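Each remark here refers to the structure printed beneath this line.
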Amino acid sequence: MYEGKPPSSPARKGWSLDSIFGRAVDAEPQGRPATPAAPVQAQLAETAANDLFSRVGVFLKAHRLDPTPINYDLGYQYIGGNDPAVVAAVDAAIAQDGFLRHDVAQQIVESTANKVSSELLEKLIDQAHQSMLLAASLVGQSRTDASAYGNALDRGAAALDAGGEPATRALELMLDLTRTMIGKTQDAERRLAEMGSQMASLQDDLAEAQAVAESDPLTGLANRRAFQSRLARAMAQATQEGTPLSVAFCDIDYFKKINDNFGHDTGDRILKMVADALVDGAGEDAFVGRFGGEEFLVLFDGIMARRAAMRIDEIRDELSGRHLVSKTTGEPLGTVTFSAGIAQLQTGEGEGDMLRRADEALYAAKNAGRNRVLIAGED
């Protein structure tokens, strides 16, 4: 398999600064007394945290789940009641099977990870929207201040010409007005600079959140949603340009036996090993994703089915030649193989049809004895 892995001044009569800018003198903010240290509360919090982690350990043991970071996080979310969706999903699984199976736990982790990421994206998008509204408001206020400044200068000049104000007094007012406007301009520049930094940071956060939302938490590969999005774009491009496009559907052979005989922690390491083998062997023109469970998908852009099958078969052959041993016990694990089905995009074919043909070829390979690669439509 391949893996593609804001200053104020005193009020004045007439054209005063405060009347021009519509300012009011703000009351000084009241100080807030510092909260004293609370060592007893801290100790209680620490005790509660330790008790929570102990309960997580009991939860994992009761459901025969390996103490991996992913399982600990799931147990923490469930025992702590931090995510209602996790609690509901785990309760439903236990009610159905009597305990939380490893494969079901993994499905809950994957689905809730994407859900949390989607909520985070919505939050970040809302923050970006609020920042843009603030920027627009700041620009609008600066425009209003500039217009008020110009009008005030005109009125000051007219008052000076009419002799309504002594020259010295009028000049003082104009200078004061100019200083205030300079201060407002500098403050606007500072706030805009701060917003620029915040927007840059927000952009980074959005990119990171998107990456998390589109990644499989165990292998780091593209998840099913990300793969299907990439596949749809590749199919549209291939159809428009008339270039070949192939997809491989791969499935680890006897993976349930690996979990049953050696534990799910070993099974997770096997999944990551296969994912790495696909990434290393597929090539730069391939895109690998984890479809779910022990199934992987490899997208070959610009490559015909037979060439894609040769690449997949090379990975299969190399992987099947490895003799694996347990890192913890030194016990031989034997060899790990996979079966694969290849399909090439046909004229007028949709995404679902292409994947269905690859899936059919995969199960033909399974029925033919496993550890082999077959092309859809070929005997």
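The values are calculated or read from the model by the stated rules, or taken from the named source; none is laboratory data. No experiment lies behind these values; they were computed from the predicted model shown. Neighbour counts are summed over all protein chains in view; Cβ atoms, including those assigned to glycine, are modelled from backbone coordinates with ideal geometry.
Can you find, within region 238-247, the residue that is nearest to the chain's Cα centre (by Cα) among those that are surrounded by 14 or more Cβ atoms within 10 Å (Cβ to Cβ) and assigned to a helix (DSSP H, G or I)? The qualifying residue nearest to the chain's Cα centre (by Cα) is Ala238.
Against the condition under 27 Å from Glu294 (Cβ atoms) and at pLDDT 70 or above, how does Ala113 come out, does it pass? So Ala113 does not fit the description; no.
Listed conditions (1) modelled with pLDDT under 95; (2) closer than 30 Å to Thr239 by Cβ are all met by Gly341, apart from (1). Of the numbered criteria (1) touching a strand residue (DSSP E or B) at 6+ places or on another chain (Cβ under 9 Å); (2) of a type outside the set (Lys, Arg); (3) at pLDDT 90 or above, the one Ser326 fails is (3). Within region 324-361, the set of residues being aliphatic (A, V, I, L, M), closer than 22 Å to Lys272 by Cα and more than 31 Å from the chain's Cα centre (by Cα) comprises Leu324, Val325, Leu333, Val336.
Is it the case that Phe300 is touching an Asp or Glu at 6+ places or on another chain (Cβ under 9 Å), more than 23 Å from Asp103 (Cα to Cα) and hydrophobic (A, V, I, L, M, F, W, C)?
In short, yes.
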